[in-house]
1. What residue, of Asp293, Asp316, is without any contact (Cβ under 8 Å) to a residue 24 or more places away in the chain, surrounded by fewer than 21 Cβ atoms within 10 Å (Cβ to Cβ) and either of a type in the set (Asp, Glu) or within 21 Å of Ile173 (Cα to Cα) (or both)?
2. Please go through the range 168-211 and give me each residue that is more than 26 Å from Asp138 (Cβ to Cβ) and in contact with a His (Cβ under 7 Å, 6 or more places away or on another chain), ordered by number.
3. Of all residues in the range 251-288, count the ones that are open to solvent by 30 Å² or more (accessible area, probe 1.4 Å) and under 26 Å from Leu185 (Cα atoms).
4. Find the residue count for the range 43-82, including only residues that are crowded, with 24+ Cβ neighbours inside 10 Å, outside any loop (DSSP other than H, G, I, E, B) and touching a Gly at 6+ places or on another chain (Cβ under 6 Å).
5. Looking only at the range 103-128, how many residues end up being out of contact with any Lys or Arg (no Cβ under 6 Å at 6 or more places or on another chain), under 23 Å from Leu64 (Cα atoms) and either surrounded by 21 or more Cβ atoms within 10 Å (Cβ to Cβ) or modelled with pLDDT under 95 (or both)?
6. Restrict the check to the range 241-250 and report whether at least one residue is hydrophobic (A, V, I, L, M, F, W, C), modelled with pLDDT of 95 or more, buried (at least 19 other Cβ atoms within 10 Å of the Cβ) and under 15 Å from the mean Cα position of the chain (by Cα).
7. Which one of the conditions (1) touching an Asp or Glu at 6+ places or on another chain (Cβ under 7 Å); (2) in a loop (DSSP other than H, G, I, E, B); (3) within 25 Å of Ser297 (Cα to Cα) does Ser29 fail to meet, given that it meets all the rest?
8. Could we say that Arg96 is among the basic types (Lys, Arg), at pLDDT 95 or above and under 20 Å from Arg200 (Cα atoms) here?
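The values are calculated or read from the model by the stated rules, or taken from the named source; none is laboratory data. Computed from a predicted structure; not experimentally measured. We place every Cβ from the backbone using ideal geometry, glycine too, and count neighbours over all the protein chains shown. Side chains are part of the model used for accessible areas, which takes the heavy atoms of the whole protein and leaves out ligands, DNA and RNA. Shrake-Rupley method; radii C 1.70, N 1.55, O 1.52, S 1.80 Å.
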Amino acid sequence: MQYRELGRTGMKVSTISFGAWAIGGSWGSVDDKESLSALHRSIDLGVNFIDTADVYGDGRSERLVAKLRKERKETIYVATKAGRRLDPHVADGYNRANLTAFVERSLKNLATDAIDLLQLHCPPTEVYYRPETFDVLDDLVRAGKLRHYGVSVEKVEEALKAIEYPNVQTVQIIFNIFRQRPAELFFAEALRRKVGILARVPLASGLLTGKLTAKSTFEADDHRLFNRHGESFDRGETFSGVDYDTGLQAVDELRPLVPSDWSMTQFALRWILMFDAVTCAIPGAKNPSQAEDNAKSADLPELDTATMGKVRSIYDACIRDLVHQYW
C-alpha cells in the first residue's frame, strides 16, 4: 500500500481507501457479515481511511465502521458526511441547528468523541456562497466535535468556491476515466492551496470494472436501476452521468490498454493515482475479493505516457460531450 498526505490535516492516508456507500445501501443486496469481512480485508492490506455518510443505510454504514474500529488496533481514519438527511434538501437547511444535530447523530453511530473529517454532503450550490455555514463548522471544530472538515461536491465550480474558505481541508469529487474535467483547473488550485482530494465514484458505478454487460440486471433498491436519469439524486452519481450503453462501448475501447495481469478495476484505479493532486481513490467493496482487487492497484507500476494519451483519446471521442461541461 502507498500513502499520501491528506492536505493540511496531518493525516497520511492510503492511496486506495474504502468507500462505504455500497455497504450501507442503494446498491442492491448487502450482507453485514460480508461487508465487515470486506472492511477487515482492506485493513489487512494497508487501507487506513474510510469514507462513509450518515445517509448510507440510514446510519448502517457508520455503525459497521464503528464495529470495525472496535475490532482493530490499527489507526483507522474515518470521514463521514452531513446534509443529505434534509428533506427538502435545500440551502436553508444547512444551518447551525441541523448541522449540529447531524454531527451528534454521527458521533453516536461511529461511537467516537470526535469525527476525523466531516464533509458537507453535496449541498446545493448556494451553500458554497454562504460563509455562515462554514462558520458553524469552525465552531464544531473548536468544540472538539470535528477534527477537520471538507466538502463533497457535484461540480467543479463548487469545488473551486469551497476551497476559498481557509479551513476547508478536503474536497471529494467524482474523478475517473469517464469524468476527467477536475484535472484541468481544479487540481492545480487544490495543490496550490494544499487541499486534499478524495476521488469518489472511481469506477463509474461499476462500469469501469469491466464486469457489466448489456444483459446485467440491477435490483430495485440499486441506484443503477432507479437513478439513471437523476430521478432520486444527481444523475452524475450513477455511471458518472454516462449513458449506460455508451459507457459499455467505451469500456470495450479501453480493454486493449489493460495489461494482461491486471484487472480493469486495477487499471481504472491506477489511472486515477497518476494524478499527484489526488490523495486517494475511494472505491467500494461488498466482499473481501473486491477489497483485494481494489487494494492491489496501489502498488502497480505507473502507466506510461502513451497509455495515458490513449485513455484521453477514448474519453474525447466517446465520453467528453456527454459529461464534460455538465459537472
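1. None of the other options fit; the residue is Asp316.
2. Arg181
3. 3
4. 2
5. Residues flagged as out of contact with any Lys or Arg (no Cβ under 6 Å at 6 or more places or on another chain), under 23 Å from Leu64 (Cα atoms) and either surrounded by 21 or more Cβ atoms within 10 Å (Cβ to Cβ) or modelled with pLDDT under 95 (or both) within the range 103-128 amount to 7.
6. no
7. In the conditions (1) touching an Asp or Glu at 6+ places or on another chain (Cβ under 7 Å); (2) in a loop (DSSP other than H, G, I, E, B); (3) within 25 Å of Ser297 (Cα to Cα), Ser29 misses (3) alone.
8. No; evaluated as a whole, the condition is false for this residue.
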